[in-house]
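K.L.:
First the structure, then my questions, so here it is.
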Amino acid sequence: MAAAAAARRGCLVALLAVLFLACAAEGGAAAASAAQQQQQPRRRRHLLRRQRQVHSHLRRLNKAPLASIESPDGDIIDCVHISNQPAFDHPFLKNHTIQMRPDYHPEGLYDESKVASQQNTQTITQMWHKNGVCPENTIPIRRTKKEDVLRASSIRRYGKKKHKSTPNPMSVDPDMLNESGHQHAIAYVEGDKYYGAKATINVWQPRIEQANEFSLSQLWILGGSFGQDLNSIEAGWQVSPDLYGDNNTRLFTYWTSDAYQATGCYNLLCSGFIQINNQIAMGASISPLSNYGGSQYDINILVWKDPKEGNWWLQFGNDYVLGYWPSFLFSYLADSASMIEWGGEVVNSEPDGSHTSTQMGSGHFPEEGFGKSSYFKNIQVVDSSNNLRAPSGIGSFTEQSNCYDVQNGNNGDWGTYFYYGGPGKNPNCP
């Protein structure tokens with residue numbers, strides 16, 4: 001009898017324990033459900049707020065067009081009246097009178113152009129030209145899509161480079177240079193006052209491993225230190241899936257007056273650069289492209305400071321003066337540049353010291369030479385007398401020459417030139 005009573009008591013205790021656990025679980029689930037329900041409106045509010053911010057940003061960037069052209073690569077090119085372009089959102093440009101042409105070109109430019117026109121049999125164009133042209137008194141602007149903005153780390157950082165993305169050849173600490181993930185293979189001059197730079201840049205379509213990486217080839221006009229006050233004007237070609245949503249090779253520009261922190265942007269994605277040309281769109285795809293062992297194509301880029309007005313002008317090819325950066329945007333560059341750089345840059349986002357296989361230039365090392373390795377040729381600087389001349393005392397720099405390298409040269413046809421680039425990850429660059 002006692003044993004039976006004890007067994008019944010045991011069953012009762014076990015039953016109560018099961019009921020208690022069931023109730024606790026149900027209560028926990030109810031509490032979790034209640035917390036979830038409380039979070040849902042918060043998440044909805046956050047999403048709605050972000051959508052409003054994106055739409056507001058798109059309204060600021062995408063000005064009302066007078067006409068629109070659909071490019072074969074999926075871009076929409078808006079033909080916006082020249083007086084309605086993004087530059088004039090800048091408070092200092094509200095009453096600005098557009099300078100429709102530079103007062104002076106650098107001396108010697110047209111001698112160079114004659115030689116170039118005799119050598120080049122095919123002109124580089126932009127894909128959207130196949131479907132139309134923008135009328136006079138408009139400028140072509142690549143339309144920014146919602147997906148473009150959403151790919152950025154934040155709306156505020158959309159269209160901006162990361163801090164510390166300019167190569168500093170004076171630094172001897174590769175770890176400091178690599179902490180931002182940016183790597184370079186460049187030629188450079190410093191130690192004088194420079195008023196512009198020019199180059200003929202071989203055009204390729206390097207392979208990008210990760211969507212948040214890019215590969216570009218450009219020239220840099222630099223003033224100030226490599227600290228918080230760096231001024232930079234940049235132009236060239238790039239492949240950037242993060243910025244454009246594809247792997248096309250595109251013409252681009254960039255500027256900053258505070259080392260890529262708050263000021264400046266790519267192309268026309270903020271106020272600053274004033275475009276005057278109705279035929280070339282910043283950020284639009286360019287073609288044709290070079291083939292390994294086959295046809296080679298290149299573009300001419302010239303940036304110079306107009307000695308009369310002081311603005312920094314950009315010319316693409318021999319015929320297209322695209323526009324200018326007003327000198328008031330800058331501190332050091334309001335006077336002159338203290339360093340010029342030409343070359344390639346990639347982003348390496350691989351963790352723990354391993355290396356990306358994102359290519360620079362053609363993806364092949366300089367020693368492979370013409371038709372296989374990418375080049376810059378006829379590189380020149382503009383001096384204080386507004387003359388184009390060959391750079392003196394040119395140096396070269398790369399953080400990891402077994403990943404990407406650079407080799408300088410000089411001859412009668414190409415003037416001062418260099419081959420550069422590489423495949424990134426390889427047996428000697430793990």
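K.L.:
Select from segment 349-361 the residues that are over 18 Å from the mean Cα position of the chain (by Cα) and either among the charged types (D, E, K, R) or buried (at least 24 other Cβ atoms within 10 Å of the Cβ) (or both) and list them in ascending order.
P.N.:
350, 352
K.L.:
Taking the condition of being assigned to a strand (DSSP E or B) and at pLDDT below 95, how many residues in segment 79-111 meet it?
P.N.:
Result for segment 79-111: 1.
Table: residues versus (1) free of Cβ contacts under 8 Å to residues at least 40 places away in the same chain; (2) aromatic (Phe, Trp, Tyr); (3) over 11 Å from residue 338 (Cα atoms); (4) touching a Ser or Thr at 6+ places or on another chain (Cβ under 7 Å).
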residue	(1), (2), (3), (4)
198	no, no, yes, no
205	no, no, yes, yes
212	no, no, yes, yes
234	yes, no, yes, yes
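K.L.:
Taking residue 392 as meeting all but one of (1) within 26 Å of residue 307 (Cα to Cα); (2) under 23 Å from the mean Cα position of the chain (by Cα), write down the number of the exception.
P.N.:
If we test residue 392 against (1) within 26 Å of residue 307 (Cα to Cα); (2) under 23 Å from the mean Cα position of the chain (by Cα), just (2) comes out false.
K.L.:
Just to be sure I understand, how many residues within segment 210-235 are closer than 27 Å to residue 293 by Cα and part of a loop (DSSP other than H, G, I, E, B)?
P.N.:
Number satisfying all stated conditions: 3.
K.L.:
Here's another thing I want to ask about it. Checking residue 228 against (1) buried (at least 21 other Cβ atoms within 10 Å of the Cβ); (2) in contact (Cβ under 8 Å) with a residue 24 or more places away in the chain, which test does it fail?
P.N.:
Here residue 228 clears every test but (1).
K.L.:
With the requirement that a residue be of a type outside the set (A, V, I, L, M) and within 11 Å of residue 338 (Cα to Cα), what does segment 221-232 give you?
P.N.:
Selection gives 223, 224, 225, 231, 232.
K.L.:
Can you tell me which residue among 286, 274, 301 is modelled with pLDDT of 95 or more and either closer than 22 Å to residue 169 by Cβ or among the basic types (Lys, Arg) (or both)? Don't jump to the end; show me each part of the working.
P.N.:
Details: 286 fails: either closer than 22 Å to residue 169 by Cβ or among the basic types (Lys, Arg) (or both); 274 fails: either closer than 22 Å to residue 169 by Cβ or among the basic types (Lys, Arg) (or both).
Just one listed residue meets the conditions, 301.
K.L.:
Okay, next question. Select from segment 61-70 the residues that are closer than 25 Å to residue 155 by Cβ and surrounded by 14 or more Cβ atoms within 10 Å (Cβ to Cβ) and list them in ascending order. Outline the logic, then answer.
P.N.:
Taking segment 61-70 and keeping what is closer than 25 Å to residue 155 by Cβ, we get 61-65, 68.
Residues satisfying the conditions are 61, 62, 63, 65, 68.
K.L.:
Restricting to segment 202-221, what's the tally of residues that are over 16 Å from the mean Cα position of the chain (by Cα) and surrounded by 24 or more Cβ atoms within 10 Å (Cβ to Cβ)?
P.N.:
Total meeting the criteria: 1.
K.L.:
Pull up segment 181-209, narrow it to residues that are assigned to a strand (DSSP E or B) and at positive phi, then point me to the one that is modelled with the highest pLDDT.
P.N.:
Per the criteria, the residue is 196.
K.L.:
Does residue 136 count as touching a helix residue (DSSP H, G or I) at 6+ places or on another chain (Cβ under 8 Å) and either at positive phi or at pLDDT 95 or above (or both)?
P.N.:
Against the criterion (touching a helix residue (DSSP H, G or I) at 6+ places or on another chain (Cβ under 8 Å) and either at positive phi or at pLDDT 95 or above (or both)), residue 136 does not qualify.
K.L.:
Quickly run through segment 156-166 and pick out the residues that are modelled with pLDDT of 90 or more and surrounded by 15 or more Cβ atoms within 10 Å (Cβ to Cβ).
P.N.:
Those that are modelled with pLDDT of 90 or more and surrounded by 15 or more Cβ atoms within 10 Å (Cβ to Cβ): 158, 159, 160.
K.L.:
Looking only at segment 51-78, which residues are within 14 Å of residue 141 (Cα to Cα) and in a helix (DSSP H, G or I)?
P.N.:
58, 59, 60, 61 - these are the residues of segment 51-78 that are within 14 Å of residue 141 (Cα to Cα) and in a helix (DSSP H, G or I).
K.L.:
While we're looking at this one, here's another question. Is one or more of the residues making up segment 382-394 under 27 Å from residue 295 (Cβ atoms), open to solvent by 20 Å² or more (accessible area, probe 1.4 Å) and touching a residue at least 60 places away in the same chain (Cβ under 8 Å)?
P.N.:
No, because not a single residue in segment 382-394 is under 27 Å from residue 295 (Cβ atoms), open to solvent by 20 Å² or more (accessible area, probe 1.4 Å) and touching a residue at least 60 places away in the same chain (Cβ under 8 Å).
K.L.:
Separate question: Considering only residues of segment 336-348 that are of a type outside the set (Val, Ile, Thr) and more than 18 Å from residue 421 (Cα to Cα), which is surrounded by the fewest Cβ atoms within 10 Å (Cβ to Cβ)? Quick ask: steps written out before the conclusion?
P.N.:
Filtering segment 336-348 for residues of a type outside the set (Val, Ile, Thr) gives 336-339, 341-345, 348.
Retained after the next criterion (residues that are more than 18 Å from residue 421 (Cα to Cα)): 336-339.
Numbers: 336: 16, 337: 29, 338: 19, 339: 22.
Ranking the qualifying residues of segment 336-348, first place goes to 336.
K.L.:
Identify, please: which residue in segment 399-410 is open to solvent by less than 30 Å² (accessible area, probe 1.4 Å) and either in contact (Cβ under 8 Å) with a residue 12 or more places away in the chain or of a type in the set (Ser, Thr, Tyr) (or both) and is, among those, farthest from residue 430 (Cα to Cα)?
P.N.:
Going through the qualifying residues, I end up with 406.
The values are calculated or read from the model by the stated rules, or taken from the named source; none is laboratory data. All of these numbers come straight from a predicted model, not from anything done at the bench. Backbone-built Cβ (ideal geometry, glycine too); neighbour counts: all protein chains shown. In case anyone asks, the SASA skips ligands and DNA or RNA and just uses the protein heavy atoms, side chains included. Shrake-Rupley method; radii C 1.70, N 1.55, O 1.52, S 1.80 Å.
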